[in-house]
Amino acid sequence: ACAGLGSLPAQIQMMHRFSFYMRQNNFLRAEQVLDNFLETDLNQGYYAPPEHDVHICRGPGDYPVQSSQSLVDDILDVIGHAGGQATGVFKIKLLEKILSAQKKQFDQTDYRIALTQCALGACLQSCGFNERALTTFQSAIETMHLYENMHHI
C-alpha cells in the first residue's frame, strides 16, 4: 500500500494471490485478482526483451530484478499448469484477458504480446480448438520474425 495499488510491489502481491487462489480452486477470486492486476501498468520494472536467456540481476546478492513482464510470465505458468477443476475454457478466458490488456498497453508488434499469444495458442490446441490455435500461433510468428527469435515458439 505504501508504494501504491498500481505499483510493482502491489503487482507482485497480486501475482502471489492469484497463484494461491488458483491452487485452492477458488477461480472467482483468482479472476478478480487477475482483473485488478491487468488494470495496472504492465510496463514496470526492468525488462530485457527479447532474449529469454538474458537475466538481469542487481548486486550484491542473487535477487532478480522484477518486472511486470516477469510477473505475467509467472501468471502464464500458473495458468498453464493449473490442474484440478481448472477447465481449458477457463484458462483460455484468463489468457484472452491478459492478451487484451497487453494489446491496450503495448504496440501490436511487442514481443510480450507474442509470448502471451504462444501461451494462448498452446492452450487452444490442448483444448482441441486447432483452427483458433493456428491463427494465434501465426500472429505470434509474425512478431517473432521481427525479433528473429523463433526458438521460443
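The values are calculated or read from the model by the stated rules, or taken from the named source; none is laboratory data. These numbers come from a predicted model, not from an experiment. For neighbour counting, all protein chains shown are included, and Cβ atoms are generated from backbone atoms with ideal geometry for every residue, glycine included.
Quick look at the values:
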quantity: Residue match in the stretch 66-79 (condition: modelled with pLDDT under 90, in a loop (DSSP other than H, G, I, E, B) and in contact with a helix residue (DSSP H, G or I) (Cβ under 8 Å, 6 or more places away or on another chain)); calculated: yes
quantity: Any pair with Cβ under 6 angstrom, 6 or more apart, that starts in the stretch 6-30 at a residue that is closer than 24 Å to N43 by Cα and ends at one that is exposed (fewer than 15 other Cβ atoms within 10 Å of the Cβ) and of a type outside the set (D, E); calculated: P9/A3
quantity: Residue count for the stretch 111-139, restricted to those that are without any contact (Cβ under 8 Å) to a residue 60 or more places away in the chain and among the charged types (D, E, K, R); calculated: 2
